[in-house]
Amino acid sequence: MPWEKTSSVKNAKNKSGKPVVEASLLPLIRDYAAHTANPSLIGSDFLNNYPDFLDDLWVFDRGFVLLATGLPRWFPLPTLTRAHLARRRMLDKMDIFHRAMKKHANGEDVGTDWSSLDDVGSLVKARMEVYRKHDMSIRARSSFELSLLWAGNANSDTLIFWMVNRIYADKALLEMIREEIAPYVTVVQPPSDLPIAEPPRLDRFDLDGLCNDCPLLKSAYIECLRLDAAPWSFKVIKEDLVLQGRQKGSERWLLRKGEYAHIAHDLHSTDPKFFDDPTVWRADRHIKYDDDEKRRVADMGSIRPYGGGSSMCKGRTFAFKQSIMFTAAIVSMWDIEPAGGGPWKMPRHRKSTGVYNTNDDTRVWVKRRELSKPQ
(Lines give C-alpha, C1' and ligand atoms only; values in the text may rest on other atoms or scores of the structure.)
Protein backbone atom coordinates (compact mmCIF):
# COMPACT_ATOMS: atom_id res chain seq x y z
CA MET A 1 0.00 0.00 0.00
CA PRO A 2 1.25 3.55 -0.69
CA TRP A 3 1.19 4.55 2.99
CA GLU A 4 3.39 1.58 3.84
CA LYS A 5 6.03 2.80 1.40
CA THR A 6 6.05 6.40 2.57
CA SER A 7 6.16 5.43 6.26
CA SER A 8 9.20 3.12 5.80
CA VAL A 9 7.61 0.09 7.42
CA LYS A 10 9.65 -2.87 8.59
CA ASN A 11 8.97 -6.00 10.60
CA ALA A 12 10.12 -6.01 14.21
CA LYS A 13 9.42 -7.55 17.61
CA ASN A 14 8.32 -5.70 20.71
CA LYS A 15 9.78 -6.19 24.17
CA SER A 16 7.46 -9.16 24.72
CA GLY A 17 8.84 -10.84 21.63
CA LYS A 18 5.60 -10.44 19.68
CA PRO A 19 5.73 -9.46 16.00
CA VAL A 20 4.95 -5.82 15.26
CA VAL A 21 5.37 -3.45 12.35
CA GLU A 22 7.58 -0.40 12.82
CA ALA A 23 6.58 2.71 10.89
CA SER A 24 6.79 6.51 10.82
CA LEU A 25 3.48 7.67 12.23
CA LEU A 26 2.89 10.92 10.31
CA PRO A 27 3.10 9.55 6.74
CA LEU A 28 1.38 6.34 7.86
CA ILE A 29 -1.70 8.16 9.20
CA ARG A 30 -1.72 11.06 6.76
CA ASP A 31 -1.30 8.99 3.60
CA TYR A 32 -3.67 6.27 4.76
CA ALA A 33 -6.41 8.84 5.37
CA ALA A 34 -5.73 10.62 2.08
CA HIS A 35 -5.64 7.50 -0.10
CA THR A 36 -8.81 6.22 1.56
CA ALA A 37 -10.86 9.44 1.46
CA ASN A 38 -9.86 11.07 -1.83
CA PRO A 39 -11.45 8.54 -4.20
CA SER A 40 -14.82 9.71 -2.85
CA LEU A 41 -13.99 13.10 -4.41
CA ILE A 42 -11.81 12.47 -7.43
CA GLY A 43 -12.66 8.83 -8.16
CA SER A 44 -10.49 5.72 -8.01
CA ASP A 45 -8.72 6.09 -11.37
CA PHE A 46 -6.86 9.27 -10.45
CA LEU A 47 -4.76 7.94 -7.57
CA ASN A 48 -4.38 4.58 -9.29
CA ASN A 49 -2.81 6.39 -12.24
CA TYR A 50 -0.87 8.87 -10.11
CA PRO A 51 -0.01 7.26 -6.74
CA ASP A 52 2.74 9.87 -6.24
CA PHE A 53 0.28 12.78 -6.52
CA LEU A 54 -0.07 13.04 -2.75
CA ASP A 55 3.71 13.19 -2.30
CA ASP A 56 3.68 16.35 -4.39
CA LEU A 57 0.68 17.65 -2.45
CA TRP A 58 2.66 17.49 0.82
CA VAL A 59 5.65 19.24 -0.82
CA PHE A 60 3.27 21.90 -2.13
CA ASP A 61 1.69 22.34 1.30
CA ARG A 62 5.07 22.67 2.99
CA GLY A 63 5.87 25.63 0.75
CA PHE A 64 2.35 27.08 0.57
CA VAL A 65 3.02 30.13 2.75
CA LEU A 66 6.04 31.02 0.61
CA LEU A 67 4.01 30.53 -2.57
CA ALA A 68 1.35 32.86 -1.16
CA THR A 69 3.92 35.67 -0.99
CA GLY A 70 4.21 35.57 -4.79
CA LEU A 71 7.95 34.86 -4.76
CA PRO A 72 9.14 33.41 -8.09
CA ARG A 73 10.52 29.92 -8.57
CA TRP A 74 14.11 31.14 -8.99
CA PHE A 75 14.18 32.82 -5.56
CA PRO A 76 16.90 30.97 -3.54
CA LEU A 77 14.65 29.09 -1.12
CA PRO A 78 14.65 25.31 -1.72
CA THR A 79 11.25 24.83 -0.06
CA LEU A 80 9.75 27.43 -2.39
CA THR A 81 11.38 25.94 -5.50
CA ARG A 82 10.19 22.44 -4.65
CA ALA A 83 6.66 23.76 -4.05
CA HIS A 84 6.62 25.49 -7.46
CA LEU A 85 7.74 22.29 -9.19
CA ALA A 86 5.26 20.14 -7.25
CA ARG A 87 2.41 22.47 -8.19
CA ARG A 88 3.35 22.24 -11.87
CA ARG A 89 3.45 18.44 -11.77
CA MET A 90 0.07 18.24 -10.03
CA LEU A 91 -1.56 20.65 -12.47
CA ASP A 92 -0.21 18.65 -15.42
CA LYS A 93 -1.79 15.50 -13.99
CA MET A 94 -5.03 17.35 -13.33
CA ASP A 95 -5.03 18.51 -16.96
CA ILE A 96 -4.98 14.89 -18.13
CA PHE A 97 -7.79 14.01 -15.72
CA HIS A 98 -9.97 16.88 -16.95
CA ARG A 99 -9.38 16.04 -20.59
CA ALA A 100 -10.54 12.51 -19.81
CA MET A 101 -13.59 13.85 -17.94
CA LYS A 102 -14.45 16.08 -20.90
CA LYS A 103 -14.27 13.13 -23.30
CA HIS A 104 -16.29 10.99 -20.89
CA ALA A 105 -19.04 13.63 -20.71
CA ASN A 106 -19.13 13.75 -24.53
CA GLY A 107 -19.42 9.97 -24.80
CA GLU A 108 -15.95 9.57 -26.32
CA ASP A 109 -13.51 6.75 -25.59
CA VAL A 110 -11.16 7.66 -22.72
CA GLY A 111 -8.93 4.58 -22.78
CA THR A 112 -8.32 1.87 -20.21
CA ASP A 113 -6.50 4.19 -17.75
CA TRP A 114 -9.76 6.08 -17.15
CA SER A 115 -12.29 3.25 -17.29
CA SER A 116 -13.90 4.02 -13.90
CA LEU A 117 -14.76 7.71 -14.19
CA ASP A 118 -18.34 6.93 -13.20
CA ASP A 119 -17.18 6.70 -9.57
CA VAL A 120 -15.94 10.30 -9.49
CA GLY A 121 -17.68 12.00 -6.56
CA SER A 122 -20.90 13.95 -6.98
CA LEU A 123 -19.22 17.18 -5.83
CA VAL A 124 -16.59 17.06 -8.58
CA LYS A 125 -19.21 16.03 -11.15
CA ALA A 126 -21.34 19.03 -10.19
CA ARG A 127 -18.32 21.29 -10.63
CA MET A 128 -17.86 19.86 -14.13
CA GLU A 129 -21.27 21.24 -15.06
CA VAL A 130 -20.16 24.70 -13.96
CA TYR A 131 -16.91 24.41 -15.91
CA ARG A 132 -18.78 23.47 -19.08
CA LYS A 133 -21.41 26.16 -18.62
CA HIS A 134 -18.76 28.87 -18.45
CA ASP A 135 -16.47 27.23 -21.02
CA MET A 136 -13.54 27.25 -18.62
CA SER A 137 -10.13 26.16 -19.88
CA ILE A 138 -8.62 22.82 -18.85
CA ARG A 139 -5.92 24.56 -16.81
CA ALA A 140 -8.51 26.66 -14.98
CA ARG A 141 -10.45 23.50 -14.11
CA SER A 142 -7.26 21.86 -12.92
CA SER A 143 -6.48 24.83 -10.69
CA PHE A 144 -9.90 24.66 -9.04
CA GLU A 145 -9.61 20.91 -8.50
CA LEU A 146 -6.12 21.22 -7.04
CA SER A 147 -7.40 23.82 -4.58
CA LEU A 148 -10.18 21.42 -3.57
CA LEU A 149 -7.80 18.52 -2.97
CA TRP A 150 -5.34 20.71 -1.10
CA ALA A 151 -8.08 22.11 1.15
CA GLY A 152 -9.49 18.63 1.73
CA ASN A 153 -6.17 17.13 2.80
CA ALA A 154 -3.71 19.68 4.13
CA ASN A 155 -5.30 20.07 7.56
CA SER A 156 -7.69 17.21 8.35
CA ASP A 157 -5.26 14.40 7.49
CA THR A 158 -2.57 15.90 9.73
CA LEU A 159 -5.10 16.59 12.49
CA ILE A 160 -5.86 12.85 12.62
CA PHE A 161 -2.13 12.30 13.21
CA TRP A 162 -2.22 14.66 16.20
CA MET A 163 -5.37 13.04 17.59
CA VAL A 164 -3.76 9.60 17.39
CA ASN A 165 -0.61 10.95 19.05
CA ARG A 166 -2.51 12.57 21.90
CA ILE A 167 -4.82 9.64 22.55
CA TYR A 168 -2.21 6.88 22.44
CA ALA A 169 0.17 8.91 24.61
CA ASP A 170 -2.27 8.47 27.53
CA LYS A 171 -3.15 4.81 28.12
CA ALA A 172 -6.00 5.67 30.48
CA LEU A 173 -7.50 8.08 27.93
CA LEU A 174 -7.10 5.46 25.20
CA GLU A 175 -9.12 2.93 27.17
CA MET A 176 -11.81 5.50 28.04
CA ILE A 177 -12.24 6.44 24.39
CA ARG A 178 -12.34 2.79 23.35
CA GLU A 179 -15.06 2.21 25.92
CA GLU A 180 -16.99 5.30 24.78
CA ILE A 181 -16.96 4.38 21.08
CA ALA A 182 -17.56 0.64 21.59
CA PRO A 183 -21.38 0.90 21.11
CA TYR A 184 -20.81 2.51 17.70
CA VAL A 185 -17.80 0.61 16.31
CA THR A 186 -17.51 -3.16 16.14
CA VAL A 187 -14.36 -4.71 14.67
CA VAL A 188 -14.26 -8.47 14.11
CA GLN A 189 -11.71 -11.01 13.01
CA PRO A 190 -13.30 -13.17 10.29
CA PRO A 191 -12.72 -16.91 10.76
CA SER A 192 -10.36 -18.59 8.32
CA ASP A 193 -9.23 -22.15 7.64
CA LEU A 194 -6.02 -20.86 6.08
CA PRO A 195 -2.75 -20.46 8.01
CA ILE A 196 -2.81 -16.71 7.26
CA ALA A 197 -5.58 -14.86 9.10
CA GLU A 198 -8.11 -12.77 7.23
CA PRO A 199 -7.72 -9.01 7.68
CA PRO A 200 -9.98 -7.62 10.42
CA ARG A 201 -13.04 -5.73 9.26
CA LEU A 202 -15.52 -3.22 10.58
CA ASP A 203 -18.71 -5.12 11.29
CA ARG A 204 -20.55 -2.00 12.52
CA PHE A 205 -19.64 1.67 12.15
CA ASP A 206 -22.17 4.28 13.26
CA LEU A 207 -20.68 7.64 12.26
CA ASP A 208 -23.67 9.64 13.51
CA GLY A 209 -23.34 7.99 16.91
CA LEU A 210 -19.62 8.76 17.03
CA CYS A 211 -20.20 12.41 16.13
CA ASN A 212 -23.21 13.01 18.38
CA ASP A 213 -22.84 10.69 21.36
CA CYS A 214 -19.11 10.45 22.09
CA PRO A 215 -18.30 13.70 23.94
CA LEU A 216 -14.81 12.63 25.08
CA LEU A 217 -13.71 11.82 21.52
CA LYS A 218 -15.22 15.06 20.23
CA SER A 219 -13.61 17.05 23.04
CA ALA A 220 -10.23 15.50 22.15
CA TYR A 221 -10.80 16.63 18.56
CA ILE A 222 -11.57 20.19 19.71
CA GLU A 223 -8.56 20.21 22.04
CA CYS A 224 -6.32 19.23 19.12
CA LEU A 225 -7.77 22.11 17.11
CA ARG A 226 -6.98 24.39 20.05
CA LEU A 227 -3.36 23.35 20.60
CA ASP A 228 -2.26 21.58 17.41
CA ALA A 229 -3.52 24.20 14.96
CA ALA A 230 -2.75 27.87 14.45
CA PRO A 231 -5.02 29.19 11.68
CA TRP A 232 -5.23 32.80 10.60
CA SER A 233 -8.21 34.85 9.54
CA PHE A 234 -8.11 38.00 7.44
CA LYS A 235 -10.95 40.51 7.39
CA VAL A 236 -11.56 43.66 5.38
CA ILE A 237 -13.04 46.51 7.42
CA LYS A 238 -16.11 47.82 5.58
CA GLU A 239 -17.09 50.54 8.07
CA ASP A 240 -15.23 52.40 10.82
CA LEU A 241 -15.62 50.61 14.12
CA VAL A 242 -14.18 50.55 17.61
CA LEU A 243 -13.22 47.25 19.21
CA GLN A 244 -13.02 46.89 22.97
CA GLY A 245 -12.63 43.93 25.27
CA ARG A 246 -15.44 42.84 27.56
CA GLN A 247 -13.57 43.91 30.68
CA LYS A 248 -14.37 47.34 32.07
CA GLY A 249 -11.73 49.89 31.14
CA SER A 250 -10.07 47.65 28.56
CA GLU A 251 -8.15 49.20 25.67
CA ARG A 252 -10.09 50.45 22.67
CA TRP A 253 -9.01 49.98 19.05
CA LEU A 254 -10.16 52.06 16.09
CA LEU A 255 -10.40 50.08 12.84
CA ARG A 256 -10.99 52.26 9.81
CA LYS A 257 -12.87 51.40 6.63
CA GLY A 258 -10.60 49.80 4.04
CA GLU A 259 -8.09 48.48 6.57
CA TYR A 260 -7.35 44.81 7.13
CA ALA A 261 -7.61 42.83 10.35
CA HIS A 262 -5.37 39.80 10.87
CA ILE A 263 -6.59 37.33 13.49
CA ALA A 264 -4.07 34.80 14.79
CA HIS A 265 -6.32 32.24 16.46
CA ASP A 266 -3.55 30.56 18.46
CA LEU A 267 -3.17 33.73 20.55
CA HIS A 268 -6.69 33.24 21.86
CA SER A 269 -6.33 29.46 22.14
CA THR A 270 -3.35 29.83 24.49
CA ASP A 271 -4.69 32.80 26.46
CA PRO A 272 -4.89 32.00 30.22
CA LYS A 273 -7.83 34.41 30.52
CA PHE A 274 -9.91 31.87 28.61
CA PHE A 275 -8.20 28.53 29.30
CA ASP A 276 -6.63 27.40 32.56
CA ASP A 277 -3.17 25.87 32.00
CA PRO A 278 -3.52 26.85 28.34
CA THR A 279 -0.43 24.98 27.11
CA VAL A 280 -1.58 21.69 28.66
CA TRP A 281 -3.52 19.34 26.37
CA ARG A 282 -6.54 18.01 28.27
CA ALA A 283 -8.95 15.68 26.48
CA ASP A 284 -12.05 16.53 28.53
CA ARG A 285 -11.52 20.31 28.55
CA HIS A 286 -14.49 21.04 26.27
CA ILE A 287 -17.07 18.73 27.88
CA LYS A 288 -20.01 20.29 29.63
CA TYR A 289 -23.56 19.31 30.55
CA ASP A 290 -26.56 20.35 28.52
CA ASP A 291 -29.45 22.36 29.95
CA ASP A 292 -31.04 19.52 31.92
CA GLU A 293 -27.66 18.50 33.44
CA LYS A 294 -28.18 14.91 32.31
CA ARG A 295 -26.26 14.61 29.05
CA ARG A 296 -22.61 15.44 28.50
CA VAL A 297 -21.79 17.38 25.34
CA ALA A 298 -18.66 18.90 23.80
CA ASP A 299 -18.57 22.13 21.82
CA MET A 300 -16.10 24.64 20.41
CA GLY A 301 -16.82 27.28 23.01
CA SER A 302 -14.94 30.45 22.12
CA ILE A 303 -12.39 28.99 19.68
CA ARG A 304 -12.93 29.49 15.96
CA PRO A 305 -10.49 27.17 14.15
CA TYR A 306 -12.55 27.36 10.94
CA GLY A 307 -12.91 31.13 10.95
CA GLY A 308 -16.26 32.89 11.12
CA GLY A 309 -18.88 34.76 9.18
CA SER A 310 -19.44 34.28 5.46
CA SER A 311 -15.84 33.14 4.96
CA MET A 312 -16.09 30.30 7.48
CA CYS A 313 -14.56 27.10 6.10
CA LYS A 314 -17.20 25.33 3.99
CA GLY A 315 -15.58 21.94 4.58
CA ARG A 316 -15.63 22.07 8.39
CA THR A 317 -18.35 19.41 8.77
CA PHE A 318 -16.54 17.08 6.38
CA ALA A 319 -13.25 17.66 8.25
CA PHE A 320 -14.91 16.94 11.60
CA LYS A 321 -16.52 13.72 10.42
CA GLN A 322 -13.35 12.58 8.68
CA SER A 323 -11.23 13.20 11.79
CA ILE A 324 -13.69 11.42 14.07
CA MET A 325 -14.18 8.51 11.65
CA PHE A 326 -10.52 7.71 11.03
CA THR A 327 -9.47 8.22 14.64
CA ALA A 328 -12.24 5.91 15.89
CA ALA A 329 -11.35 3.24 13.32
CA ILE A 330 -7.63 3.35 14.17
CA VAL A 331 -8.23 3.30 17.93
CA SER A 332 -10.59 0.35 17.53
CA MET A 333 -8.32 -1.77 15.33
CA TRP A 334 -4.73 -1.12 16.33
CA ASP A 335 -2.38 -1.02 19.30
CA ILE A 336 0.36 1.58 18.85
CA GLU A 337 3.37 2.31 21.06
CA PRO A 338 6.70 4.13 20.61
CA ALA A 339 9.30 2.07 18.77
CA GLY A 340 11.68 0.67 21.35
CA GLY A 341 9.12 1.00 24.12
CA GLY A 342 9.21 3.68 26.79
CA PRO A 343 7.13 6.84 27.18
CA TRP A 344 5.45 8.56 24.27
CA LYS A 345 7.39 11.61 23.06
CA MET A 346 5.12 14.24 21.56
CA PRO A 347 6.40 15.61 18.23
CA ARG A 348 7.35 19.27 18.08
CA HIS A 349 5.19 21.66 16.10
CA ARG A 350 6.22 23.14 12.77
CA LYS A 351 4.22 26.11 11.50
CA SER A 352 2.01 25.32 8.54
CA THR A 353 -1.08 26.80 6.91
CA GLY A 354 -3.52 25.70 9.61
CA VAL A 355 -2.92 22.50 11.54
CA TYR A 356 0.69 22.29 12.70
CA ASN A 357 3.02 19.90 10.93
CA THR A 358 6.25 18.47 12.37
CA ASN A 359 9.81 17.73 11.31
CA ASP A 360 10.12 14.97 13.91
CA ASP A 361 10.02 11.37 12.74
CA THR A 362 7.77 9.54 15.21
CA ARG A 363 8.67 5.86 14.85
CA VAL A 364 6.07 3.53 16.35
CA TRP A 365 5.29 -0.15 16.75
CA VAL A 366 1.88 -1.15 15.39
CA LYS A 367 0.03 -4.42 15.89
CA ARG A 368 -3.53 -5.62 15.57
CA ARG A 369 -5.71 -5.63 18.64
CA GLU A 370 -7.03 -8.93 19.89
CA LEU A 371 -10.46 -9.03 18.26
CA SER A 372 -13.59 -11.07 18.75
CA LYS A 373 -14.79 -13.35 15.99
CA PRO A 374 -18.22 -12.75 14.43
CA GLN A 375 -21.07 -14.83 15.80
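The values are calculated or read from the model by the stated rules, or taken from the named source; none is laboratory data. Treat the numbers as computed from the prediction; the structure is a model and nothing was measured. Please note: Cβ atoms are built from the backbone with ideal geometry, for glycine as well, and neighbour counts cover all protein chains shown.
Numerical summary
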read-out: Top-ranked residue in the stretch 294-320 [being part of a loop (DSSP other than H, G, I, E, B) and of a type in the set (A, V, I, L, M, F, W, C); ranked as surrounded by the fewest Cβ atoms within 10 Å (Cβ to Cβ)]; value: 312
read-out: Residue count for the stretch 114-140, restricted to those that are under 29 Å from residue 67 (Cβ atoms) and either of a type in the set (Phe, Trp, Tyr) or within 24 Å of the chain's Cα centre (by Cα) (or both); value: 8
read-out: Matching entry among 303, 324 (being aliphatic (A, V, I, L, M) and in contact with a Cys (Cβ under 6 Å, 6 or more places away or on another chain)); value: 324
read-out: Residue within the stretch 198-213 that is of a type in the set (D, E, K, R), in contact (Cβ under 8 Å) with a residue 24 or more places away in the chain and in contact with a Leu (Cβ under 8 Å, 6 or more places away or on another chain) present; value: no
read-out: Check on residue 291, at pLDDT 90 or above, part of a loop (DSSP other than H, G, I, E, B) and of a type outside the set (Lys, Arg); value: no
read-out: Of all residues in the stretch 98-116 being closer than 14 Å to residue 135 by Cα and among the charged types (D, E, K, R), the one that is modelled with the highest pLDDT; value: 99
read-out: Residues of the stretch 211-268 satisfying the condition of being among the polar types (S, T, N, Q), closer than 27 Å to residue 290 by Cα and touching a strand residue (DSSP E or B) at 6+ places or on another chain (Cβ under 7 Å); value: 219
read-out: Sole residue being within 23 Å of residue 4 (Cα to Cα) and in the same structural domain as residue 115 (by TED's automatic domain parsing), chosen from 74, 58; value: 58
read-out: Residue ID - modelled with the lowest pLDDT, chosen from residues in the stretch 238-264 that are surrounded by 10 or more Cβ atoms within 10 Å (Cβ to Cβ) and in contact with a Lys or Arg (Cβ under 6 Å, 6 or more places away or on another chain); value: 244
read-out: Residue match in the stretch 352-362 (condition: of a type in the set (D, E, K, R), surrounded by fewer than 19 Cβ atoms within 10 Å (Cβ to Cβ) and either touching a Phe, Trp or Tyr at 6+ places or on another chain (Cβ under 7 Å) or part of a strand (DSSP E or B) (or both)); value: no
read-out: Filter result (within 17 Å of residue 157 (Cα to Cα) and in a strand (DSSP E or B)) within the stretch 335-351; value: 350
read-out: Set 52, 109, 61: member being touching a residue at least 60 places away in the same chain (Cβ under 8 Å) and of a type in the set (D, E, K, R); value: 61
read-out: Wholly enclosed strands (runs of 3 or more DSSP E) of the stretch 165-273 bearing at least 1 residues more than 29 Å from residue 307 (Cβ to Cβ) and of a type in the set (Ser, Thr, Tyr); value: 185-188
read-out: Helices (runs of 4 or more DSSP H) contained in the stretch 1-106 and holding at least 3 residues among the polar types (S, T, N, Q) and buried (at least 17 other Cβ atoms within 10 Å of the Cβ); value: none
read-out: Any pair with Cβ under 9 angstrom, 6 or more apart, that starts in the stretch 321-334 at a residue that is touching a residue at least 24 places away in the same chain (Cβ under 8 Å) and part of a helix (DSSP H, G or I) and ends at one that is among the polar types (S, T, N, Q) and surrounded by fewer than 22 Cβ atoms within 10 Å (Cβ to Cβ); value: 326/36; 332/186
